[in-house]
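The values are calculated or read from the model by the stated rules, or taken from the named source; none is laboratory data. This structure is a prediction, so every number in the text was calculated from the model and none was measured. All Cβ positions, even for glycine, are placed from backbone atoms using ideal geometry, and neighbour counts span all protein chains on display. Quick note on the areas: whole protein, heavy atoms, side chains included, nothing else; ligands and nucleic acids left out. Shrake-Rupley method; radii C 1.70, N 1.55, O 1.52, S 1.80 Å.
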Amino acid sequence: QRFAIEALALASSHSRLVCGGRDRAANVWDIARASLHRSLTGHTEPLRALAFAGEGDSLVLTGSSDRSLRIYDLRSSHKDGLVQALDNFADTVSSVQAHGARIIAGCADGTVHTFDARKGRELVDAIGPSVGDIALSANGRQALVACVGGAGAGALGLLDTVDGRLIRTFRGHKNKENRIHCDFVGLATPNGLAQEDCNAYVATGSETGTVHVWDRTTGQALATPDVVHRQSISALACGEGTIVSCSYDGAGWLWQLEPQQASTPAPPARLPKS
């Protein structure tokens, strides 16, 4: 029986990927061999979030609708490889990211949980609406949190992962119902990317079919480009001056952010259908 895949993560080496969904298992695949490396089980409800962590991406983090976050060690000789189960969530674990010894998880009850393995400490920050997605800055000290619903019909918050302080809130997009990804956008420069340039802008999508970009430091919104998607944006990923947006209309668009203008993303190119 086949099940819908609702979460996916790629190892930094691009040698493995992990996916999962309604079958409640995190399946780790060897990309070169196109073979299943390991199936990580234990959750009682569908998986909603996945991430690699640890040295050599040896750990897999799984978030589920069963209100728990699990940590698996791919090096373990035990069948399940379970290292730890964190079950102090009040609702679905909707997103998870890791940086060094810290794990940051978003919950559907509107909270962000930061676990510090070295200090044995957990911080819980109440953001407000349901947390749909989390993206980490290059140095791991800031988290971009995309919220669904609420009085503001969606908000993007910039959070300090060390002390839990809300640095800034970005508004202007519509996100009442759908989970829409967010990300940091780097500036493409001839000399490469400095660490701070990797986080120069923040971006998310809107249910109106538009891409929204803000200056991370000032909070100033860039001019919103023309609507190209006919339906809500469903997924978004960013790179060096590049934004890829996908929509429920079945289309994907590639945007280029021009650093010398820093006013609006350049006209997009449509991605070929796969």
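As an exercise, use a Förster radius of 25 Å and the Cβ-Cβ distance of Lys79 and Ser15 to find the FRET efficiency, rounded to the nearest 0.05. Plugging the Cβ-Cβ distance into 1/(1 + (r/R0)^6) gives 0.65. For Ser95, the residues 5 or more places off, or on other chains, whose built amide H falls under 5 Å of its own are Gly106. The charge dipole of the chain, taken about its Cα centre with unit charges on the Cβ atoms of Lys, Arg (+1), Asp and Glu (-1) only, comes to about 400 debye. Near Arg24, the amide H atoms lying under 5 Å from its own belong to Leu47; only residues 5 or more places off or on other chains count, and H is placed 1.01 Å from N.
Were the residues from Glu55 through Glu177 laid out at 0.36 nm apart, the gain over their Cα-Cα distance would be 40.3 nm.
Once Cα Rg over 2.2 N^0.38 Å is calculated for the structure shown, the corresponding label among [x] 1.42; [y] 1.31; [z] 0.98 turns out to be [z]. The label point for Thr208 and the one for Ile31, both projected 7 Å from the Cα toward the Cβ, are 3.6 nm apart.
Average accessible surface for the chain: 48 Å² per residue, computed with a 1.4 Å probe over protein heavy atoms with every protein chain in place. The value of relative contact order for the chain, using C-alpha pairs under 8 Å at least six residues apart, is 8 percent. Between His99 and Phe3, the contour length at 0.36 nm per residue exceeds the alpha carbon distance by 31.6 nm.
Shown is the FRET efficiency for Ala90 and Leu254, computed with R0 = 41 Å from the Cβ-Cβ distance and rounded to the nearest 0.05: 0.60.
In the stretch 66-133, the inverse of the mean reciprocal separation of distinct Cα atoms equals 12.6 Å; this is its Kirkwood hydrodynamic radius.
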